[in-house]
Amino acid sequence: ETGVTQTPRHLVMGMTNKKSLKCEQHLGHNAMYWYKQSAKKPLELMFVYNFKEQTENNSVPSRFSPECPNSSHLFLHLHTLQPEDSALYLCASSQAGQGSGYTFGSGTRLTVV
Amino acid sequence: GESVGLHLPTLSVQEGDNSIINCAYSNSASDYFIWYKQESGKGPQFIIDIRSNMDKRQGQRVTVLLNKTVKHLSLQIAATQPGDSAVYFCAENMSEDSGGSNYKLTFGKGTLLTVNP
């Protein structure tokens, strides 16, 4: 394990479903991130939380709703998704302010049918 | 366009050979660079990093070279093994404010390294 745990690993959902992705970090970091990874595209930053406060929303559609109840947990709530939202969703954490790299989880492979 | 890019989308090498993966960046204010490895079905894993006050850093079988003059970053893997087969990403990290309290990581598309036995 990398210290960042994501669940579930795989998720298949219909376009009318509501589901949530969970991320937990055990590294004592104070910043957490959601990234979307689609085939043949760079990693796309979706949301950034520093000290539980959302500091960035990278023009993400409202059908994606993040939640950060504390510095160790991050959720991504999903509702009325589209097939093009199928991708690998990666959570990462870092120690903001130290110019350090991110530690990633293994991701949730999401398929929207 | 994106500020971090890779010269080759794929690289195929023979086991035991050395591999070199290249990356160009466009933001001269970037002060920290990282290489990640992503194996199939896994998230990106940190390999090695380098700060802008250095031009070379070595790890176990890996070396990162930074040429700030031409804004170029490379990852060298010595004696490449089948387990090195993966997608390799470079990333640049630039402080968004003068106090350095808000860093943001920008990733390139990645290079697929295939090691042939």
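Bear in mind that the values in this text are calculations on the coordinates, not laboratory data. Treat the numbers as computed from the prediction; the structure is a model and nothing was measured. Cβ placement follows ideal geometry from the backbone for every residue including glycine, while neighbour counts extend to all protein chains displayed.
Couple of notes before you dig in:
- Remark: mean inter-chain Cβ contacts per residue of B:85-92 equal 1, using a 10 Å Cβ-Cβ cutoff to other protein chain atoms.
- Distance between the modelled labels on residue B:58 and residue A:38, one decimal in nanometres: 4.3 nm (7 Å Cα→Cβ projection).
- Counts of other chain beta carbons within 10 angstrom of each beta carbon in peptide B:104-111 average 5.
- Of A:22/B:42; B:56/B:104; A:41/B:37; A:18/B:104, pairs whose Cα-Cα distance is over 19 Å: B:56/B:104; A:18/B:104
- Taken residue by residue and averaged, Cβ atoms of other chains lying within 10 Å of the Cβ of A:80-90 number 1.
- Residues whose placed amide H lies under 5 Å from that of residue A:81, excluding near-sequence neighbours: A:17
- Residues in region B:73-82 carry Karplus couplings, in order, of 10, 9, 10, 10, 10, 8, 6, 4, 10, x Hz; the curve used is 6.51 cos²θ - 1.76 cosθ + 1.60 with θ = phi - 60°, and Gly or Pro positions show x.
- Note, ³J(HN,Hα) from phi for region B:31-43, Karplus 6.51, -1.76, 1.60, rounded to Hz, x at Gly and Pro: 10, 8, 9, 9, 10, 10, 10, 10, 8, 4, x, 10, x
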